[in-house]
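Let me begin by presenting the structure, written as structure tokens, before commenting on it.
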Amino acid sequence: MIKNIFFALLLSLALTGLTIADMEPVDINTATAEQLAEALHGVGASKAEAIVDYREENGPFAHIDELVNVRGIGLRTVDRNRDRLSLGQTDSE
């Protein structure tokens, strides 16, 4: 019985840790393509690279919704990931 309780406690702690890690937003103005692909739903390597390319050509994003200007990124993708996205230091400006 105690063994099962201990196992359940460890499992819940592990799952809680994964949830907290998933909630950490990714800074679209500084993240690498690999970081973007890993953190965002519906964004693979090619879309993540397109985000980085767009940022390098046009400068930092001023608003998260600007991601729709990136080829292959639509409003649905932005909305699905809104809580995972950050503008870094520009958030406080």
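Worth a mention:
- Along each principal axis, Cα extent of the range 25-92, largest first, Å: 28, 25, 20
- Magnitude of the charge dipole, the range 24-93, Cβ model with Lys/Arg +1 and Asp/Glu -1, debye to 20: 320 debye
Where a number appears in this text, it was derived from the coordinates with a stated rule and is not lab data. The shown structure was predicted, so the numbers you read here are calculated from the model rather than taken from an experiment. As a convention, Cβ positions derive from the backbone with ideal geometry for all residues, glycine included, and neighbour counts pool all protein chains shown.
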